[in-house]
């Protein structure tokens, strides 16, 4: 199946369980009893979710798209959660399409992607406000993000995400679907290994907390 992912589709319960919603736009790869390699349909309700759609979905060519378009939307969602806003959110649809087809890659906004001189400016005057990130990790690519989520307490992007997180987002948002992070890669991806280790520790902690609450 193919399903677009966005931050509002991620639901977290009080005990830490994660569920996915927004399944009304899901596409099945099973057609006439057989698994299709590619899909050519344009997703329903897509007007409201254009920033999360991959370049190949927006392009609508004869090559179609597959599950790797979900990997792209996962990268956009990671930027949305980390930066406080979705990339491309203030762009007209036609400009967004051109930016994505030309290889514009969103990124995590922090001290690794924003030059120090920009971090010393007020957020309203920072280059990050224009939606273009030109930090040392940009590698010559134009990086689009949108507006900062907050301007209180100094520059909102004066922070540092881990290199593993940066690498994860970069792999998810590759213009060519062939170069994106796939399931086999994620098993050995350092970010996923750290998350799995942390989740195991959280589950153990919650287990002990339940025992204590029962005893009390």
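Laid out as a table, the results:
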item: Burial order of peptide ranges 34-40, 56-62, 104-110 (average beta-carbon count within 10 Å, highest first); result: 104-110, 56-62, 34-40
item: Extension reserve of the residue 182-residue 29 stretch, reckoned as 0.36 nm per residue once the Cα distance is removed; result: 53.4 nm
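Bear in mind these aren't lab numbers, they're just calculated from the coordinates by the rules spelled out. Note that the structure is a prediction, hence the values are computed from the model and not measured. Don't worry about glycine lacking a Cβ; one is built from the backbone with ideal geometry, like all the others, and counts go over all protein chains shown.
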